[in-house]
1. If you take every residue apart from Gln95 with its C-beta less than 15 Å away from the C-beta of Gln95, what net charge results, scoring Lys and Arg +1 and Asp and Glu -1?
2. Length gain on complete extension for the stretch Asp80 to Ser336, per 0.36 nm per residue less the alpha carbon to alpha carbon distance?
3. Using a basic spin-label model with each label point 7 Å from the Cα along Cα→Cβ, how many nm lie between Arg114 and Ala304?
4. Taking R0 as 22 Å, what's the FRET efficiency between Arg98 and Lys140 from their Cβ-Cβ distance, rounded to 0.05?
5. With the crude spin-label approximation of a point 7 Å out along Cα→Cβ, what separation in nm comes out for Val365 versus Asp237?
6. May I ask you to evaluate 6.51 cos²θ - 1.76 cosθ + 1.60, the Karplus curve with θ = phi - 60°, for each residue of region 299-307 and list the ³J(HN,Hα) values in order in whole Hz, giving x for glycine and proline?
7. What percent of all Cα-Cα pairs in region 75-135 falls in each 5 Å bin, counting up from 0?
8. Can you give the extra length, in nm with one decimal, that the chain gains between Lys311 and Val396 once fully stretched, where that is 0.36 nm per residue apart less the Cα-Cα distance?
Amino acid sequence: MSMLLPHPHQHFLKGLLRAPFRCYHFIFHSSTHLGSGIPCAQPFNSLGLHCTKWMLLSDGLKRKLCVQTTLKDHTEGLSDKEQRFVDKLYTGLIQGQRACLAEAITLVESTHSRKKELAQVLLQKVLLYHREQEQSNKGKPLAFRVGLSGPPGAGKSTFIEYFGKMLTERGHKLSVLAVDPSSCTSGGSLLGDKTRMTELSRDMNAYIRPSPTRGTLGGVTRTTNEAILLCEGAGYDIILIETVGVGQSEFAVADMVDMFVLLLPPAGGDELQGIKRGIIEMADLVAVTKSDGDLIVPARRIQAEYVSALKLLRKRSQVWKPKVIRISARSGEGISEMWDKMKDFQDLMLASGELTAKRRKQQKVWMWNLIQESVLEHFRTHPTVREQIPLLEQKVLTGALSPGLAADFLLKAFKSRD
């Protein structure tokens, strides 16, 4: 039922509430406000009309916000060329074309303001498609997201190559997002992880994407979450995020994966060192690597010590206790059993509802991370603040002003903007 309402009245809406459950489509005049005094929607066209959908339920009036409407608002500002470019990327992406996936990730990683807007339009389309696919899968997640961390030299790349080949042989599609630390002095990255995974990089069912951190803490890039979403949209059912093994600042990784796996070399200190590392608290599975040859005995010792260390930590899940296993990527020992444990984790977390709750919480964390980044960027680019930054930085460097006072001055300048 559709109708044009120049001035909808509260009594009219209340009368409709007494009717049985129906879905109505109203077009309100631009000057229209509801009883609460809130404007109806964004302008519908040049005539000053507003279009919105309302669900009329027996217990009240509930607005149904459609993702399609948001998408329409985003796409209205695009030129024909930009629209064709986004549509081409989206179509290629959902068909599983690797070139389109690579181009899409490059787009979301861009810091150019216009490209950021295009990336958001693409992400909104992929998110809508992703949600539809999840609904057809009875609400179960389409992909298993695994975070891999460990100190440099723990054998992460060697493990991923063996593990990835095993998964693709079993019919899975694997995406590896390898995060490369950017240099603090030059700002550059090697991005050489593919050179260590020669066999896997040639596999058509595997996609390896190295990305620079660009100074982001937590061993992940600013856009890792978006890259995960794009990989899932392209049909990859296992996403591995190989992160910078930096220890304490790596908690950001755990906020975007279903399972966090810690890889440790056999000579990594005692169990006290493990607890001090802090990151052990986030691990759902600890794997002691290089358990072959002369290193079998030290690997067994480290395994026993970490089992005792994990007992001292607070329980994070009601259904899963973190396990410690030994693996060898050279001989392949323990890797198949490790995958079985990972599947057990996924099944238990799904059945208990903890995985769904975890993913919802991660969406909120993702939102706040983006807000923090955006607010900081807005603060730095504000004209008054930008003018005062060099002067105050110089005073802090010479010791004439304390960092705390300088920060207060800048914040006051930002707050007192026109």
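All of the numbers you see were taken from the coordinates with simple rules; none came from a lab. The structure displayed is predicted, hence computed values, not measured ones. Positions of Cβ are generated from backbone atoms using ideal geometry, with glycine treated the same way; all protein chains shown enter the neighbour counts.
1. Values: positive: Lys88, Arg98, Lys125, Lys173; negative: Asp87, Glu103, Glu232.
Summing Lys/Arg as +1 and Asp/Glu as -1 gives +1.
2. This chain segment gains 87.2 nm when fully extended.
3. Result: 6.6 nm between the two label points.
4. On the way: r = 25 Å, r/R0 = 1.16.
In this case the efficiency is close to 0.30.
5. 2.6 nm
6. 5, 5, 5, 4, 4, 4, 5, 6, 4
7. 4, 19, 29, 28, 15, 5, 1
8. Values: separation 85, 0.36 × 85 = 30.60 nm, distance 4.65 nm.
Roughly 25.9 nm would be gained on extension.
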